[in-house]
Amino acid sequence: MSKNLRINNKQFVDETRKLSFIFNGKKLYGYKGDTLASALLSNDIHLVGRSFKYHRPRGIMTSGSEEPNAILQIGNDDALTEPNVRATEIELYDGLICNSQNCWPSVNFDIGGINNLLSPLLPAGFYYKTFMWPASFWEKYEYFIRKSAGLGKSPTKQDPDMYDHRYMHCDILIVGGGVSGLIAAKIASDDNKKVLLLEDKELLGGSLIYDDNDISKIDNQKSSEWLKKLIENIKNDKNIIIKTRTSLAAYHNYNFLLARQNLTDHLSVNDRNNKIRQRLYKIRAKKVIISTGAIERPQVFHNNDRPGIMLASAVKKYIDYYGVRCGLENVIFTNNDSAYETALSLHKSGTKLNAIVDIRENSSSEIVNKVKSLGIQIYWNHTIANTKGYKRINKVTIMKLNDKGNDVIGKKIELNCDCLAISGGWTPMVHLFTQSGGKLKFDNKDNIFVPDKTNLNQLSIGSAKGDFELDDVLKNSIKDTKKFLQIENSNYDKIDVQCSKEKEKKNIWLLPSDKPLSKTKPFLDYQNDSTAKDIKLALREGFKSIEHVKRYTTTGMGTDQGKLANMHALGIVADTTNTNMGDLGTTTFRPPYTPLTFGTIVGRNVGQFFDIFRKTPMHEWHVDNNAKFENVGQWKRAWYYPKDGETMHDAVQRESKAARESSGILDASTLGKIDIQGTDANEFLNRVYTNAWSKLQIGKCRYGLMLNEDGMVYDDGVTTKLGENHYLMTTTTGGAANVMSKLEDYLQTEWPELNVFLTSVTDHYATASVCGPNAKKIINKIFKDLDLSDESFPHMSFKEVKLGNINCRVMRISFTGELSYEINVEASYGKYIWEKCIEAGKEFNITPYGTETMHLLRAEKGFIIVGQDTDGTMTPVDLQMDWIISKKKYDFIGKRSLYRSDTIREDRKQLVGLLTDDPNEILEEGAQIVKDENKKPINMLGHVTSSYFSPTLKKSIALAVLKEGKKLKGQKLLVPMIDKTIKVTVSDTVFLDKENERING
Amino acid sequence: MFLINCPYCGERDQSEFVSGGEAHIARPKQPTELNDDQWAEYLFMRKNIKGIQFERWNHAHGCRKWFNVARDTSNDKIEKIYKMGEQPPKL
Ligand SMILES: [Zn+2]
């Protein structure tokens, strides 16, 4: 370090703890307590990045979350690297590695810098205008744009860090631990409220904590000393929970807020092991107090973006808090009094201040008088017309302003500087207020938007509400907090505050230069390289709404969301269009206020916890027997059981052959099961199913089809009558929860007069389904005393039987067309009964089969699967299931819709069978069906919904929905594929055993 | 994220509830008496207004009960919550 930039006076930086870090490959040092930005500045590094469009050199500009330039790539690990980290926000830790972004090959020599020379060719909307035409070229442009744009690199490996979510509840949430937030916290706590206080920095106190001038005093003490005592007080207060390093990300309706706490980012990498990196707090607050402070504005003048140009408040903070000089030759450029505090800090630290340039005519406030008395040169009524220095500012050219402030006059004066501290006044941080739906109003005196109306129980105080001077901040915060909390008296009612009062104000949104605007670069949005010219161009081109101007010029659309520039953009639009800023409104501030990591957003819901999955009681057996699984809703269902390296096709052919020729067994536990009881249960079934249920006898089962009120098939399944007023309904696996809530809905809202109770019992029972010609023999071996004769136990009937102590419900129902028994037992006996069936079936080669074989077997029989062969647009008539619609019932859900003009159209898509001319050709599900592929545009007639190769029929079979399908039986149609056209013939939907003989074994 | 005062359970987070659309659309007692237009009116037509809207909500991950909500769609403020079968409040 050649220059002496460290000042040896600091309480916030621990100079006994030296930390090393690497910036762009170079090893550097800083201290515990530094941010990455202050450490870089102490090494005389301002240039940290290149701008987005013109690749202009950019330096650290701020000391907070509004930083537009110093956004770095942190870490070089494929999994842990993080892009777009603001150097001003990251606390320095030992071993930190960081790199500049958006520059190639290096920040000092960047090829993209040529864009700066080409900038006359890159006006606002350039990308929109150039790359939009012809549309088909977009893919080619995109490659280059993405390569040359891009802010940082995403990690390429899985994030190994742990993240956490936590709910919090409080009486009063206070966002921002500056002086106003702290005093509000104390007042609330003294009133016995439970307070949650969030502060995004490591320490409480805001900017007052490092205030070092002798002018402002509270109760006759130095204001920072007074504040330190208050903080100690608050830290020991049991009513106040303090979360530091915690920034509020989003403020939603009903006082629901999200905050992110950084727990390990400030630790050296080795100290982070096994610790949670970040935590997301989901907060419900009865009342919210926003005390987020204000952000200093830059000024907008020609070449206002060079490294070394910084906010005056940042220059002050680097000196007073971090003990770092940002330059050895300083110039201040301001339009208000607050920059004079920076002047005092520079003076006190022995740092050279060459001059102050102030656009105001004069000022005689206490603080300005004090600076005057120190003999510091002040150029009143002057502006900066230009700056010089490519990678670091070295000169400013100043000129006198004319009376109107829209041009410069007189001779040019050049001032040397390596740091230019600029201040354009202050902007209250109203982002959270507006996010929550609050409406702003414009304050003409300070040219700021301040909180106005809100529907929520919230209050903004301090500079977040537009109070900038210490006496206003304290007295109004106390007064407003008391009113908000309905408190009569507080311990701070007699507080005595002294501070300098600003007397003169002047604001010029776009400062003039001796060059015409078209030849200048007055930057508004540093990150997106938009200038005042771009705003004017957008207005000339007819954009009027501020939201449109924002998008066209990309002003305020970077990772900093235009925290610095938005007010100037608005001001320039207002000036150019002769509008009041208050009438213009602001652009919308959207959450998150500062970027969140994906890790924080998902918390623990990663990997196997991303979504819950449900396993049947037999799951382990399937795993042990090499099952492949498919996801059906949240269920893991056995899909097929490959043996000795079988493909899925081979396994399915073997499984289905076994089921047809001897016996197969399926885990049907996932089917939805609803227990229905009550004296009106039968009437209820009559109303929800299309068919009639009145005559169903105890011990019998019936298949039912359920429609939506629009007449479309919704679900299906078999319902068994267990007792006089007791039924067990089964639903599809995926539809179970929806059917349950739909039925509840009707019961509670349309038919409250019915005495019916529904209980979801899906998880209570496990179901093993044994099918095939030998099924009866197997069941007989298990239940020796059960009469399985067709007379006693016919198809579609049910018996209750005991196996030892286990209650079994055995239903003789079939989804495969084979003789078939479903054994239902309490879930905990599921694996036992399954293994019992396997053991009993051994001599009959009982073969476990999965969902794929089940689908094949039912397709051979033409049984539909709701959701596969239907898609919410199929009526029972479309499915050729007219037989299931009761003609006698007066009403059921969806009945009236079955004869709407649309549902009785004959040219609706209808379910048909398809046979390929080549029996070995298997159609693809989803494939389109056409009649004539030469006549363009090709008329699509329908599509394939289910398709399999049937080992029993030794040919390919398919189900399809086809326009006017019922009439087209026997017709030859085409299924065009990418490389061939398949010839098909429309057939019946039932391919196997049309006479239903197999059902009896 | 709303905070909804379930009439059976008390205040709960919105994530426990599902919305069931516009309230007070009774299923016709005699659907067969309706012509296509009248049936379509019941089946498809829903209001989407700015201001007080009456809606059905279900405490799906709680007591599973349906109830009615009068909500101001302009600011999502819930003005009133009342049980199924009760008449909409005058607001
Ligand atoms: Zn409830």
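Where a number appears in this text, it was derived from the coordinates with a stated rule and is not lab data. A quick note: this is a predicted structure, and the numbers were derived from the prediction, not measured. Here Cβ is always computed from backbone atoms with ideal geometry, including for glycine, and neighbour counts include all displayed protein chains.
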- Among the DSSP beta bridges whose two residues both lie in chain A, what percent are antiparallel, rounded to the nearest 5? 75 percent
- Message: For a quick check of your reading of the filter: which GluC sites (Glu not before Pro) in segment A:193-267 sit in a DSSP loop and have no more than 14 other Cβ atoms within 10 Å?
- Response: A:Glu202
- So who's got an amide H within less than 5 Å of the one on A:Gln458, skipping anything under 5 residues away but keeping other chains? H placed 1.01 Å off N, in plane. A:Val288
- Other-chain or far-sequence residues with amide H under 5 Å of A:Met168's (modelled H): A:Lys282, A:Ile283, A:Arg284
- When A:Val357, A:Val961 are ordered from fewest to most other Cβ atoms inside 10 Å of their Cβ, what list results? A:Val961, A:Val357
- Message: Can you show me the helix-derived [θ] at 222 nm for chain A, built from DSSP H runs with n ≥ 4 at -39,500 (n - 2.57) apiece and divided by the number of residues, rounded to the nearest 500.
- Response: -6000 deg cm²/dmol
- Query: Cα to Cα, under 19 Å, and not fewer than 8 places away if on the same chain: which aspartates and glutamates meet these conditions relative to A:Lys955?
  - Reply: A:Asp650, A:Glu655, A:Glu661, A:Glu852, A:Glu860, A:Asp917, A:Asp918, A:Glu921, A:Glu924, A:Glu925, A:Asp988, A:Asp993
- Note on the structure: Interchain or sequence-distant (5+) residues whose placed amide H lies within less than 5 Å of the amide H of A:Asp878 are none
- Which percent of the Cα-Cα distances in segment A:598-660 go past 20 Å? 44 percent
- Message: Spelling out what I want: for every residue of segment A:26-41, take phi, set θ = phi - 60°, compute 6.51 cos²θ - 1.76 cosθ + 1.60 (Karplus), and round to whole Hz; glycine and proline get x.
- Response: 9, 7, 9, 10, x, 10, 4, x, 5, 8, 4, 5, 5, 5, 4, 4
- Please determine, in degrees from 0 to 90 and to the nearest 10, the orientation of helix A:223-235 with respect to the longest principal axis defined by the Cα atoms of chain A, where the helix direction is its Cα long axis. 30 degrees
- For B:Glu79, the net charge from surrounding residues (Cβ-Cβ under 9 Å; K, R +1; D, E -1) works out to +2
- Connecting every pair of Cα atoms under 10 Å apart in chain B and solving the GNM, the largest mean-square fluctuation among B:Arg27, B:Arg56, B:Arg12 falls on B:Arg27
- Item | Cysteines without a disulfide-compatible partner [chain B; Cβ-Cβ under 4.7 Å] | B:Cys63
- Bounding extents of segment A:905-1000 in its principal axis frame from Cα atoms, largest first in Å, are 51, 35, 19
- Note on the structure: Across B:Asn35, B:Asn75, B:Asn58, the residue with the highest GNM fluctuation in chain B (Cα network, 10 Å cutoff) is B:Asn35
- Task: Starting from 0 in steps of 10 Å, tell me what percent of the Cα-Cα pairs of segment B:1-58 lands in each bin.
- Result: 18, 37, 28, 14, 2
- Item | ³J(HN,Hα) computed for each position of segment A:972-987 - Karplus, 6.51 cos²θ - 1.76 cosθ + 1.60, integer Hz, glycine/proline x | 8, 10, 10, 10, x, 10, 4, 10, 6, 10, 9, 8, 9, 10, 6, 9
- Counting all Cα-Cα pairs in the protein assembly as shown, those more than 56 Å apart amount in percent to 36 percent
- Message: Compute the helix-to-body angle for A:470-484: its Cα long axis versus the longest principal axis of chain A, expressed 0 to 90° and rounded to tens.
- Response: 40 degrees
- Task: Using only Cα atoms, tell me the angle between helix A:736-745 and the longest principal axis of chain A; keep it within 0 to 90° and round to the nearest 10.
- Result: 80 degrees
- Query: Using the Cα atoms as the points, what is the convex hull volume per residue of segment A:576-688 in Å³?
  - Reply: 382 Å³
- Message: Output wanted: per-residue J couplings in Hz (rounded whole) for segment A:433-441, from phi through Karplus 6.51 cos²θ - 1.76 cosθ + 1.60, θ = phi - 60°, x for Gly and Pro.
- Response: 4, 6, 3, 7, x, x, 9, 9, 10
- Message: Can you bin every Cα-Cα distance in segment A:667-844 into 10 Å intervals starting at zero and give me the percent of pairs per bin, rounded to whole numbers?
- Response: 9, 38, 34, 15, 4, 0
- Any idea what Rg and Dmax come out to for segment A:305-403 if you just take the C-alpha atoms, in Å? 13.1, 41
- Rounded to the nearest 5, what is the percent of antiparallel bridges among the DSSP beta bridges in segment A:312-424? 50 percent
- Evaluate the Kirkwood expression for the hydrodynamic radius of segment A:434-588, namely the inverse of the mean inverse distance over all pairs of different C-alpha atoms, and round to one decimal in Å. 17.9 Å
- List the chymotrypsin sites (Phe, Trp or Tyr not before Pro) in segment A:812-891 that DSSP assigns to loop (not H, G, I, E or B) and whose Cβ has at most 13 other Cβ atoms within 10 Å. Which are they? A:Tyr890
- Can you run the Rg to Rh ratio on segment A:433-497? Use alpha carbon positions and the Kirkwood inverse-distance Rh. 1.00
- Message: Sorted from largest to smallest, which semi-axis lengths in Å does the alpha carbon gyration tensor of segment A:765-843 give for its equivalent ellipsoid, taking the root of 5 times each eigenvalue?
- Response: 17, 14, 12
- Message: Using only the alpha-carbon atoms of segment A:878-936 as identical scatterers, what base-10 log of I(q)/I(0) does the Debye formula give at q = 0.16, 0.25, 0.27 Å⁻¹?
- Response: -0.77, -1.19, -1.28
